[in-house]
1. What number, rounded to the nearest 500 deg cm²/dmol, is the helix-based mean residue ellipticity at 222 nm of the chain, given -39500 (n - 2.57) per DSSP H run of at least four residues and division by all its residues?
2. In nm, what is the difference between 0.36 nm times the number of residues separating Lys154 and Arg123 and their Cα-Cα distance?
3. Is any helix in the chain, taking whole DSSP H runs, at least 18 angstrom long along its axis by alpha carbon and on average at least -0.5 on the Kyte-Doolittle scale, and which ones?
4. Going by how many other Cβ atoms sit within 10 Å of their own, how do Ile169, Ile67 line up, fewest first?
5. Two decimals is fine: what is log10 I(q)/I(0) at q = 0.20 Å⁻¹ for the chain, from a Debye sum with one equal scatterer on every Cα and no solvent?
6. Rounding to the nearest 20 debye, state how big the charge dipole of the chain is about its Cα centre with +1 on each Lys and Arg Cβ and -1 on each Asp and Glu Cβ.
7. So how much slack lies between Ser45 and Ala61, counting 0.36 nm per residue of separation and subtracting their Cα-Cα distance, in nm?
8. Fewest to most neighbouring Cβ within 10 Å: what's the order for Leu20, Leu65?
Amino acid sequence: MVIFLVGFMGSGKNWWGQMLADHMHIPFYDLDQEIVQSTGMDIVSIFREKGEAFFREKETAVLELLIAGFSPDKHVRDSARKSFSAVIATGGGTPCFSGNMDLMNEHGLTVWLNPSIEELAGRLEKETESRPLLQGKSGNQLSAFIAAKLAERKPFYELAQIEIKNTHIAVEEFINLLNNESEFY
């Protein structure tokens, strides 16, 4: 089974992804890092030099490759693809483009990490220069941006099969939430 962690930047997708993968003894993939490896460029450079449209196209292509179990061979039997298990932390915008949320729901369990706007702003305050959509924002401007962007993305995030608002829980409790809510696990 593939677990897709979705949510706004700073929601803890990478941290939780690594914790879950370690606990479950399955691989962890950070979609943004896979894009960096695929392009040879960091995310800020991709946005600056190639633009968001290029980034979103590459994001979908890499997501599809992950879902296919990294098999470049289209002749691999379906059973081999179905046996692929992993935790994948997506980018904050991943669910909002190219039908990606439908794709993830079709191929795994989607979990929306949804901490408060205040918590997101606190986490992101120190990272604004490394996140293309946040560059130059701080304080109230950062909180206002998060609130507006979150409102835009919420209809996509709400399509997740599980929503977790309290991300200050033990790994075992998180896994119990997955077990209790998922027909896949």
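1. -14500 deg cm²/dmol
2. 9.2 nm
3. Going by DSSP H runs, the hits are 52-67, 139-157.
4. Starting with the residue having the fewest Cβ neighbours, the order is Ile169, Ile67.
5. Scattering profile of the chain, log10 relative to I(0): -1.55.
6. So the dipole magnitude of the chain works out to roughly 300 debye.
7. 3.9 nm
8. Leu65, Leu20
Each reported figure results from applying straightforward, stated rules to the coordinates on display, with no laboratory input. As the structure is a computational prediction, the values presented were derived from the model and not from experiment. Every residue, glycine as well, gets a Cβ built from its backbone with ideal geometry; the counts of neighbours run over all protein chains shown.
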